[in-house]
């Protein structure tokens, strides 16, 4: 009995010593962003949305839910107050298509392991996949009925810098027409893109050099776009393309309706020129993501 008592007291003292070495836990507070430094020298940033006896649950800026074991926490600090509701809340989901505007890529990658199928204007299906935390791959084709020729393309993108204030990425869009009437050849764009801002609002500038079978363009293509979250499920989007060799500026603007597994982009496509706006066409696309 005496040995059991001594053993119990020793165990309690050891447990108390070990617990005393653990840092205080950050509070469950979706109104602030914290950075957790882990025992393996890695770190993770996000909003603490839940905790239990063994772990903390965070939502990152990309809307990814991360579970961190309590025992791996070395220290933590408040980074900045959060803007708006937590992305994981039912009234404020993260945008699953933040790697793109309507057509133009942003500097944000597709989250690792995430897969999406998109459809532009019915006849242009697209698929995208997050291969790593920074490298994503997009590819698609046309399904034009009664056409002997179809367009195939692939668009890898690597995010060089990924942060809340600004992200920077580089990528290539490679296109080829395949069919009975098409001549052998290819075309595409090698580009760099920067996105400044957070989940609530951001601006994107893309600069690229078009290339084709005959060589490279002498002047760059420039795309300017922006996005603004106006409600938990609605985001305003817009982009304009300055294409070398033409005075017309294609542009598209509208809204993104963000759902749990399906999102919609609705807008108007128009051409800006010296004479003003030369008409417009309705734009619609949707994505299924998981």
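Laboratory data are not the source of any read-out in this text; all were calculated from the coordinates shown. Everything numeric in this text was worked out from a predicted model, so none of it was measured. Here Cβ is always computed from backbone atoms with ideal geometry, including for glycine, and neighbour counts include all displayed protein chains.
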Ranked list, fewest to most other Cβ atoms within 10 Å of each Cβ, for 258, 243: 243, 258
Cα-based radius of gyration of region 105-184 once divided by 2.2 N^0.38 Å, which approximates compact folds: 1.28
Region 115-289 - convex hull of the alpha-carbon atoms, volume per residue in Å³: 142 Å³
Whole-percent pair-distance distribution, where bins are 10 Å wide, for the alpha carbons of region 198-244: 25, 35, 23, 14, 3
Sorted by Cβ density within 10 Å, fewest first, the residues 235, 114: 114, 235
Fewest-first ranking of 257, 151, 206, 53, using other Cβ atoms within 10 Å as the exposure measure: 53, 257, 151, 206
